[in-house]
Amino acid sequence: MSQFAREVTAGNRFEFGKNWAWFLQTLDDTKIAEATHSLQDMLEVTSLEGLSFLDLGSGSGLFSLAARRLGARVHSFDYDPRSVACTSELKRRYFPDDGRWVVETGSALDADYLRSIGKFDIVYSWGVLHHTGDMWTALENAAMPVATSGKLFIAIYNDQGTASKRWTKVKKLYNHLPKALRFLVVWPCFVVLFWRRLVKDLLRGKPFAIIRDYHKNQRGMSFWQDLVDWVGGYPFEVAMPEQIFDFYRQRGFSLSRLRTCGGSLGCNEFVFEKVYLSSNAGSVRTIRTTATKAES
């Protein structure tokens, strides 16, 4: 039995890949377009032609697909074997036999693996590093493959203090319950999280709009898969935005974009740029990723 399987059996890890396989059944061109647009928006690009893209914890493979469609050379990896299978399936569907898209099994906690795959213009890890079981080591390792002048795009769960501690208990309960009984956790969470929005939609004459239109504001994701992902997503760690900012500033990164969840439930998004010391003035300068190629 693999380490991953042992963690799942012990109730210490959520099967993200199983949830992503469910998501792929709902994937369509509209959701792919929304995901692609969200990537362009946060990276402030229209194309990734000529650039390399590392999808660290690729999950469904949707954003690997988006990056490849934008012209990037893509390297995808995930710890969950079903997530690897999902990413491979999207490659098979849209870019069969494409030598510019590699899909592998790997871990964000495996520093040797991350050293072995080289450097990338863009390292992308959205909502992944806080699920590794050792978030700060994963954050450290995520910086390794970023090329000089490259970008690091991550999203980390917001620290809500006692609320985050309560959600940790909910997630532990979900993963320790028999699968047939997990709905006893999911449905109460659905009510707690969305009853206000459901009532508002009803009063506006648009019942269940939050569910129908979810993908439009959530990077092409699907409502029910995201709900199960949130309720079951364990291991689970959080951080305040300033903690993430200070962590990477001390490691030679400059923050170029920040999108917070307003202190509420969800992820804060960060785009950092790797900086270097000018040999002339000794000052720190930032070079835009769009003007560079990946380091080998």
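The values are calculated or read from the model by the stated rules, or taken from the named source; none is laboratory data. Predicted model, so just to flag it, every value in this text is computed and none were measured. FYI the Cβ positions are ideal-geometry reconstructions off the backbone, even for glycines, and counts take in every protein chain you see.
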So Trp20 passes all but one of these: (1) assigned to a helix (DSSP H, G or I); (2) in contact with a Phe, Trp or Tyr (Cβ under 9 Å, 6 or more places away or on another chain); (3) crowded, with 23+ Cβ neighbours inside 10 Å. Which condition number does it fail? (2)
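Which one is modelled with the lowest pLDDT, of the residues in the range 193-232 that are charged (D, E, K, R) and assigned to a helix (DSSP H, G or I)? Talk me through it step by step, then tell me what you get.
If we filter the range 193-232 for residues that are charged (D, E, K, R), which is where we start, we get 196-197, 200-201, 204, 206, 212-213, 216, 219, 226, 229.
Subsequent filtering for residues that are assigned to a helix (DSSP H, G or I) retains 196-197, 200-201, 212, 216, 226, 229.
Numbers: Arg196: 87, Arg197: 86, Lys200: 89, Asp201: 84, Arg212: 80, Lys216: 66, Asp226: 87, Asp229: 91.
Checking each candidate, the answer is Lys216.
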Could you give me the residue pairs with C-beta distances under 8 Å whose first residue belongs to the range 239-266 and is touching a residue at least 40 places away in the same chain (Cβ under 8 Å), whose second residue is hydroxyl-bearing (Ser, Thr, Tyr) and part of a loop (DSSP other than H, G, I, E, B) wherever it lies, and which are 6+ apart or on separate chains? Pro241/Thr260
Of the candidates Val238, Val275, the one satisfying the condition of being more than 21 Å from the chain's Cα centre (by Cα) and of a type outside the set (Ser, Thr, Tyr) is Val275
Only one of (1) assigned by TED's automatic domain parsing to the domain that holds Gln40; (2) at pLDDT below 95 is not met by Pro145, so which one is it? (2)
State which residue is nearest to Asn19 (Cα to Cα) when the search covers only the range 65-83 and only residues that are more than 14 Å from the chain's Cα centre (by Cα) and touching a residue at least 40 places away in the same chain (Cβ under 8 Å). Arg82
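Okay, residues lined up against (1) at pLDDT 95 or above; (2) within 25 Å of Tyr234 (Cβ to Cβ):
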{"position": "Thr9", "(1), (2)": "no, yes"}
{"position": "Gln40", "(1), (2)": "yes, no"}
{"position": "Gly57", "(1), (2)": "yes, yes"}
{"position": "Leu65", "(1), (2)": "yes, no"}
{"position": "Pro96", "(1), (2)": "yes, no"}
{"position": "Glu104", "(1), (2)": "yes, yes"}
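Here's the yes/no breakdown for (1) in a helix (DSSP H, G or I); (2) among the polar types (S, T, N, Q):
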position	(1), (2)
Glu49	no, no
Leu54	no, no
Ser60	no, yes
Ala66	yes, no
Val74	no, no
Val84	yes, no
Thr87	yes, yes
Filter the range 8-62 down to residues that are over 30 Å from Arg115 (Cβ atoms) and either among the small types (Gly, Ala, Ser) or in contact with a strand residue (DSSP E or B) (Cβ under 8 Å, 6 or more places away or on another chain) (or both), then give me how many there are. 3
Name the single residue, out of those in the range 93-142 being touching a Pro at 6+ places or on another chain (Cβ under 8 Å) and of a type in the set (S, T, N, Q), that is farthest from Gly252 (Cα to Cα). Thr105
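Taking the criterion of being free of Cβ contacts under 8 Å to residues at least 60 places away in the same chain, in the same structural domain as Val128 (by TED's automatic domain parsing), crowded, with 24+ Cβ neighbours inside 10 Å and not β-branched (Val, Ile, Thr), would at least one residue in the range 49-58 satisfy it?
The first filter runs over the range 49-58 and keeps only residues free of Cβ contacts under 8 Å to residues at least 60 places away in the same chain, leaving 49, 58.
Filter once more, keeping what is in the same structural domain as Val128 (by TED's automatic domain parsing): 49, 58.
Filter again for crowded, with 24+ Cβ neighbours inside 10 Å, leaving 58.
Now narrow it down to the ones that are not β-branched (Val, Ile, Thr): 58.
Yes, because at least one residue in the range 49-58 is free of Cβ contacts under 8 Å to residues at least 60 places away in the same chain, in the same structural domain as Val128 (by TED's automatic domain parsing), crowded, with 24+ Cβ neighbours inside 10 Å and not β-branched (Val, Ile, Thr).
Could you pull out the residue among Ser222, Ser254 that is among the polar types (S, T, N, Q) and farther than 23 Å from Thr36 by Cβ?
Numbers: Ser222 fails: farther than 23 Å from Thr36 by Cβ.
After applying the criteria, what remains is Ser254.
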Counting only residues that are without any contact (Cβ under 8 Å) to a residue 60 or more places away in the chain and under 19 Å from Ser64 (Cα atoms), give me the strands (runs of 3 or more DSSP E) lying completely in the range 99-164 with at least 2 of them. 101-105
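Can you say whether Ala33 is of a type in the set (A, V, I, L, M), over 23 Å from Pro145 (Cα atoms), free of Cβ contacts under 8 Å to residues at least 40 places away in the same chain and not assigned by TED's automatic domain parsing to the domain that holds Tyr174, as far as the supplied structure shows? First the steps, then the outcome.
Working: of a type in the set (A, V, I, L, M): yes; over 23 Å from Pro145 (Cα atoms): yes; free of Cβ contacts under 8 Å to residues at least 40 places away in the same chain: no; not assigned by TED's automatic domain parsing to the domain that holds Tyr174: yes.
The answer is no for Ala33.
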